[in-house]
Amino acid sequence: MTEMEVKGCIFDLDGVIVDTAKFHFLAWKRLADQLEIHFTLEDNELLKGVSRMESLEIILEIGNISLPAETKNEYAELKNKWYVEYISRMSDEDILPGCLQFIIELKKAGIRVAIGSASKNTPLILSRIGLSDLFDAVADGNNVSNAKPNPEVFLKAADMIGIEPGKCIVFEDAIAGVQAALNAGMMCVGVGSAEVLTKAHIVISDLSKMNLEMLEMAGNEIGLQKKNDFS
Ligand code: BG6
Ligand code: MG
C-alpha cells in the first residue's frame, strides 16, 4: 500500500460545511432593491468565495453605480447587519450532509483539519452550528488580508496545523476558492458542480460522497497528476 499523501484537510465554510449562500443572497438582494439595482440568483454565483467589499463592488457594477468609499462601507455594514440577523437563526440542522461524519473520520485517522474561509462571520457561524471546537485551526476573514483566489487563507490554515501545502487537500465550492487552493500548491476537491468547478482535481456533489478510503485514493491519484504536471 502506498503511503497516504494527505496529512491535512482544509475546508471552506460557506457552501461546504453549511449552506449560507441563501442568506448572503437575501441580504445582498435587500440592499440591491434599496439601491434599485436588478440583482438575480445568477448574479449571486459571482459572489461565492468573494470578500464582502468585493461583493458590493460587483453589485454596484451591475447597477452601474459609483459611490464614495465611506458610503460603500456603510452599505457593506448594513448588508452584514441583515446577514447576521439571518444566520443567527441557524442551528446544527444547517450542517450540510455527510460533513460531520467525514471530519470525525479524518480526525480519528490523525489527519489535521482546518477551516479556510473568507468570512469574518466564521466564529459566529461555527458557534451557531455547534462546531466551534471541531477544527484544529481556523483561518478566516479576521486573520488574513488577501481574498481568494489569493492563496493566503489556505497557506495560513496549513501553517496553523503544521502541515506542508503539498500534503493538504482543500474542499471548495467556489471558483475563486478552487483557484486559491491551486495557487497555494494544494490538491483541491470541488464540492458542487463539475461544470462550474472545472479546475478542481476532482468534484463531488457534497461531503456525503466522500470518506477516508476515497480521500486516500484521490490523494494518491492527484499526487500522481501533480507530478505529471511538473514533469
Ligand atoms: C465567503 C462567501 O465565504 O465569505 C462570500 O462565499 C462572502 O459570499 C465572504 O462574501 C465574506 O463573508 P462575510 O461573512 O465576511 O461577509
Ligand atoms: Mg464557499
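The values are calculated or read from the model by the stated rules, or taken from the named source; none is laboratory data. Here the structure is a predicted model, which is why all the values come from computation and not from measurement. Cβ: placed from backbone, ideal geometry, glycine included. Neighbour counts: every protein chain shown. When the accessible area is computed, the model is the full protein with side chains, heavy atoms only, and any ligands, DNA or RNA have been set aside. Shrake-Rupley method; radii C 1.70, N 1.55, O 1.52, S 1.80 Å.
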| message | Against the conditions (1) within 16 Å of ligand 2 (Cβ to nearest atom); (2) at pLDDT 95 or above, where does Val50 fall short? Just the number, please. | response | (2)
| field | Search result, residues across segment 6-51 that are in a loop (DSSP other than H, G, I, E, B), over 21 Å from the mean Cα position of the chain (by Cα) and surrounded by fewer than 20 Cβ atoms within 10 Å (Cβ to Cβ) | value | Leu35, Glu36, Ile37, His38, Thr40
| request: Specify which of the listed residues (Asp136, Asp140) is open to solvent by 30 Å² or more (accessible area, probe 1.4 Å) and either touching a residue at least 60 places away in the same chain (Cβ under 8 Å) or touching a helix residue (DSSP H, G or I) at 6+ places or on another chain (Cβ under 8 Å) (or both). | output: Asp136
| query | Restricting the search to segment 156-207, which residues are under 13 Å from the mean Cα position of the chain (by Cα) and at positive phi? | reply | Gly192
| task | Go through the residues of segment 118-128 one by one and say whether even a single one is free of Cβ contacts under 8 Å to residues at least 24 places away in the same chain and in contact with a Ser or Thr (Cβ under 9 Å, 6 or more places away or on another chain). | result | yes
| Qualifying positions in segment 58-72 - in contact with a helix residue (DSSP H, G or I) (Cβ under 8 Å, 6 or more places away or on another chain), open to solvent by 30 Å² or more (accessible area, probe 1.4 Å) and either within 16 Å of ligand 2 (Cβ to nearest atom) or in a helix (DSSP H, G or I) (or both) | Ile58, Ile62, Lys72
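Every residue, every condition in (1) within 20 Å of Gly49 (Cβ to Cβ); (2) buried (at least 20 other Cβ atoms within 10 Å of the Cβ); (3) touching a Gly at 6+ places or on another chain (Cβ under 9 Å), yes or no:
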{"position": "Pro151", "(1), (2), (3)": "yes, yes, yes"}
{"position": "Asp159", "(1), (2), (3)": "no, no, no"}
{"position": "Glu172", "(1), (2), (3)": "yes, yes, yes"}
{"position": "Val191", "(1), (2), (3)": "yes, yes, yes"}
{"position": "Leu197", "(1), (2), (3)": "yes, yes, yes"}
{"position": "Asp206", "(1), (2), (3)": "yes, no, yes"}
{"position": "Met214", "(1), (2), (3)": "no, no, no"}
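How about segment 88-99: which of its residues are closer than 12 Å to Met210 by Cβ and open to solvent by 60 Å² or more (accessible area, probe 1.4 Å)?
Filtering segment 88-99 for residues closer than 12 Å to Met210 by Cβ gives 96-99.
The answer is Pro97, and nothing else.
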| message | Suppose the filter is on the phi < 0 side of the Ramachandran plot, within 13 Å of ligand 1 (Cβ to nearest atom) and of a type in the set (S, T, N, Q); does Asn211 pass it? | response | no
